[in-house]
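The values are calculated or read from the model by the stated rules, or taken from the named source; none is laboratory data. All figures in this text were calculated on a predicted structure; none of them were measured in a lab. Cβ atoms come from the backbone with ideal geometry, glycine included; neighbour counts cover every protein chain shown. The protein model used for the area step is the full one, side chains on, heavy atoms only, and it has no ligands, DNA or RNA in it. Shrake-Rupley method; radii C 1.70, N 1.55, O 1.52, S 1.80 Å.
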Amino acid sequence: MTNTKAYAATAADRPLVPFSITRREPGPHDVFIAIQYCGVCHSDIHTARSEWGPSNYPVVPGHEIAGIVRSVGAKVTRFKAGDKVGVGCYVDSCRTCPPCLNHLEIYCEKGPNYTYNSLEKDGKIPTQGGYSTQIVVDENYVLRIPENMPLDRAGPLLCAGITTYSPLRHWKAGPGKRVAVIGLGGLGHMALQFAHGMGAEVIGISQSLRKKEDGLRFGAKEFYASSDPATFEKLANSFDLIVNTVSADMDWNPYLGLLKLDGVMVQLGAPPRPPSIQAFQLIGKRRSLAGSLVGGLAETQEMLDFCAKHNILPEIEKIPIQDINEAYERMIRGDVRYRFMIDIQSLG
Ligand code: NAP
Ligand code: ZN
Ligand code: ZN
């Protein structure tokens, strides 16, 4: 067991505090990773504050992990000490169910072993995430970060990146398709870059026009404020695909009205309360409302290569771990450009 410095949430209504955890001794198939950076995803906040139901405290959040391999188990073949690697939202899965066998490990029928607020494969030890100095993960669930990719910007690709890349691929964003991205936070700013990189015409919709210049730079052809009612008249019936990344409770009905005949709105944001949908917003134009969860390991590696090829990276604001509680407050206000990145050295 290795003592590891971390930051943890100890209750839903308390700030994160310094904490100590132990990591298991690496087994034959394990990779022991020295964490350098960890991105801050809004799911970290939902979990730290029990917004999706009671969390299993103490919780060390963080599933946008980038680091360097320190050592590997005797049977590890894919990695060696010194490699640049990442760990995303899950650290294992059953490996035998149809989704696992079909490279869709995140949809594991027994439930994947999430990186935090979940259990290790033994079904007993709680998993703890990347707001910590080191982690031990089975080599099959570790991603290779391309050599030329800066480590401090790679982490968010493992959640915000794959979570937006996967539905855009699944619903075939590409030339001739008109796509809207709602919410310009960590996920949203990646979705704009991917949709543009795939050749779709992409439009950004934010609460205000404050992030317009950035949105256009990320590839949006046009940019609109949801606070302006004229937006919903102007854009009515005009999208093949809408990617909704908003983390807060909101009325989805006006956005469904922006879909064309047979259009699809994909829900990525996971707000605390269930929405209320007007059936006629779907019926009238044979529209679909869908959801999508992160993405499988093979597609994550494909996404990393797509990023390297198209020069796509998240924009980050580096913070020491001591600023994490303030970063959470800023994210809730939408004041993030566009991912907070914890420099794990600050835990040292
Ligand atoms: P984030 O960086 O905090 O961005 C969320 C954005 O939503 C904000 O920047 C803001 O964009 C917009 N927003 C916030 N409050 C709003 C409100 N009251 N009304 C309208 N818009 C609002 O969060 P994130 O890390 O991108 O995560 C977004 C959501 O996706 C979270 O719920 C997270 O849990 C979920 N998630 C899901 C998956 C999945 O697999 N499906 C994976 C990762 C994350 P503007 O400033 O542009 O308005
Ligand atoms: Zn996430
Ligand atoms: Zn499975």
Quick calc, the chain, dipole around Cα centre from Cβ unit charges on Lys, Arg (+) and Asp, Glu (-), nearest 20 debye, gives 420 debye
Non-local residues with an amide H under 5 Å from the amide H of residue 242, with H modelled 1.01 Å from N and Pro and chain starts lacking one, are 180, 264, 265, 266
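How much of the DSSP bridge set in the stretch 1-154 is antiparallel, in percent, rounded to the nearest 5?
Working: 30 of 31 bridges.
Just about 95 percent of them are antiparallel.
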About its Cα centre, the stretch 199-348 carries a charge dipole, from +1 on Lys and Arg Cβ atoms and -1 on Asp and Glu Cβ atoms, whose size in debye to the nearest 20 is 380 debye
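So, for the stretch 223-347, what is the accessible surface per residue at a probe of 1.4 Å, expressed in square angstrom?
On the way: 5730 Å² over 125 residues.
Each residue of the stretch 223-347 exposes 46 Å² on average to a 1.4 Å probe.
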Spelling it out for residue 8: with amide H atoms placed in the peptide plane at 1.01 Å from N, the residues 5 or more places away or on another chain with amide H under 5 Å from its amide H are 17, 19
Going residue by residue through the stretch 77-94, the Karplus relation 6.51 cos²θ - 1.76 cosθ + 1.60 with θ = phi - 60° gives ³J(HN,Hα) values, rounded to whole Hz and with x marking Gly or Pro, of 10, 8, 9, 9, 3, x, 5, 8, 9, x, 9, x, 7, 9, 10, 5, 6, 5
FRET efficiency for residue 57 and residue 302 from the Cβ-Cβ distance with R0 = 45 Å, rounded to 0.05, comes out at 0.80
Hull surface over four for the Cα convex hull of the stretch 220-348, reported in nm², is 10.6 nm²
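Starting from 0.36 nm per residue, how many nanometres of slack lie between residue 152 and residue 121 once their C-alpha separation is accounted for?
On the way: separation 31, 0.36 × 31 = 11.16 nm, distance 2.89 nm.
Between residue 152 and residue 121, full extension yields an extra 8.3 nm.
What percent do you get for the relative contact order of the stretch 78-160 when only Cα pairs under 8 Å and 6+ apart count?
Working: 111 pairs, mean separation 28.7, N = 83.
Relative contact order comes out at 35 percent.
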Flagged as over-length at 31 Å C-alpha distance, from 212/309; 84/221; 177/212; 5/80, the pairs are 84/221
So the carbon and sulfur contribution to the accessible area of the chain, 1.4 Å probe, in percent, is 53 percent
per DSSP, antiparallel bridges as share of beta bridges in the chain, % nearest 5, sits at 55 percent
Rounded to the nearest 10 Å², the 1.4 Å probe accessible area of residue 196 is 100 Å²
Rounded to the nearest 10, the angle in degrees between the Cα long axis of helix 186-197 and the longest principal axis of the Cα atoms of the chain comes to 70 degrees
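Which sequence of 250, 341 reflects their accessible areas, 1.4 Å probe, from the largest down? Write out the running numbers ahead of the final one.
Values: 250 50, 341 0 Å².
Per-residue accessible area, sorted high to low, gives 250, 341.
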In whole Hz, the Karplus estimates of ³J(HN,Hα) for the stretch 257-264 (6.51, -1.76, 1.60; θ = phi - 60°; x where Gly or Pro) are x, 8, 7, 6, 3, 6, x, 10
Along the stretch 286-292, Karplus-curve 3J(HN,Hα) (6.51, -1.76, 1.60; θ = phi - 60°) to the nearest Hz, with x for Gly and Pro, reads 6, 7, 10, 10, 10, x, 8
